[in-house]
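Report on the structure given below.
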Amino acid sequence: MRIRNGAFSLEAAIRSHIGHFDEIVALYNRCTDETPEILHRLACEYGPKLRVFHYLPEVFPPGSDGHRTEPPDSPRSLVAYYNCALSLTRFSHATKLDDDHLAMDDALATLLSDVKRGRAARRNLACYSGLNLSRDRSGRLGILAREPFSGSGDISVFPVQPTTYFVHDPRFERFQHPGLRPTFHSFTYWHLKYLKPDMGFANYDLVLNPKSRYARRQKRLLAGQAVVSPNDLDALHPFATLYNRIATSAGPLLPARYGVLAARNAAFHDSVVSRAQDDLWRSLDHSALFQRLMMPVSETEAVV
């Protein structure tokens, strides 16, 4: 985990995932909220399964001028920060866990069981995705209609090797994995970023970087905050068709990412939509801490 000001959902993310993993490595940077206190309290509870570190240099956020120009081997580079976190892991496989991911227990358990049994991520990146939760302007909780999915091949369980590490891209960090083929596995988490008061964009320092690609993305999302109820998930199926058509027509000529996206969208229709939708929604009720997600907006803000 690489964390900056994750107090909103950090504890729930760790509690919902830690039972599935051999360890969680939490490396935090530039935190001005309760993130350090939460991490150290949970480290006392979970012992060596939660290993907490403080990355001291101030890291430039993705989309910033500093990120674009800072050399990747600089301590202030996002790439150096991410590689530091990866280097602290101690097991054969690793995955990136964000502080706003809430695990879907059964789906995550199946993914990791397949990895451990050699059914996934032997010579592959076992890619997985989540569903973006948000509220519409009336406060109704649902899946963000404009951008329903989180994870487009950038989140995976992968074997840790000397050739797996992050490299610099002017837009963001890029994960290098020669010889490993991305394959989509399943939906395994709820993405809580867009439930944050600023829709999760505060860490991009947009006031200092008004031309950031994330400033444009935030503007688009704020303009279209419609959500889809879990009982109407079929309405999201059209999001699958574009990548499916492209992948079917062009096949191996396209980058592997398009195949992952097509498989992700097909899996959404085949496994998520076809599930008992009330059961899917009940998987959100993971802990008393996240009962607040179901409250009206005014009550939610009071709790936060």
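Toward the positive end of the charge dipole of region 1-108, about the Cα centre and with charges on Cβ (Lys, Arg +1; Asp, Glu -1), which of N5, I38, L56 goes farthest?
L56
Projected area of region 1-41, taken from the Cα convex hull and averaged over every viewing direction, in nm²?
2.7
Taking the highest mean first, how do the peptides 45-51, 106-112 order by number of other beta carbon atoms within 10 angstrom per residue?
Details: 45-51: 13.9, 106-112: 18.4.
Listed from highest to lowest mean packing, they are 106-112, 45-51.
Rank-order 160-171, 31-42 by packing density, defined as the average count of other C-beta atoms within 10 Å over each peptide's residues, highest first.
31-42, 160-171
Across region 77-149, how large is the tail of the calculated P(r) beyond 19 Å, expressed as a percent of all Cα pairs? Don't jump to the answer; show the numbers that get you there.
Details: 1452 of 2628 pairs.
Here the long-distance tail beyond 19 Å is 55 percent of all Cα pairs in region 77-149.
Treating region 151-225 as a set of equal point scatterers at the Cα positions, no solvent, please give the Debye-formula log₁₀ I(q)/I(0) at q = 0.23 Å⁻¹.
Taking Cα atoms of region 151-225 as identical point scatterers yields -1.14.
Return the lysines within reach of K193: Cα separation strictly under 24 angstrom, same-chain partners fewer than 8 residues apart disregarded; answer none if there are no such residues.
Of all the lysines, those that pass the test against K193 - Cα under 24 Å, at least 8 places apart if same chain - are K96, K211, K219.
What does the net charge come to around F91 if you take all other residues with beta carbon closer than 10 Å to its beta carbon, with K and R at +1 and D and E at -1?
Working: positive: R90; negative: D22, E23.
Spelling it out: positives minus negatives among the neighbours equals -1.
No lab work stands behind these numbers, since they all come straight from the coordinates. Here the structure is a predicted model, which means the values were calculated and not measured. For neighbour counting, all protein chains shown are included, and Cβ atoms are generated from backbone atoms with ideal geometry for every residue, glycine included.
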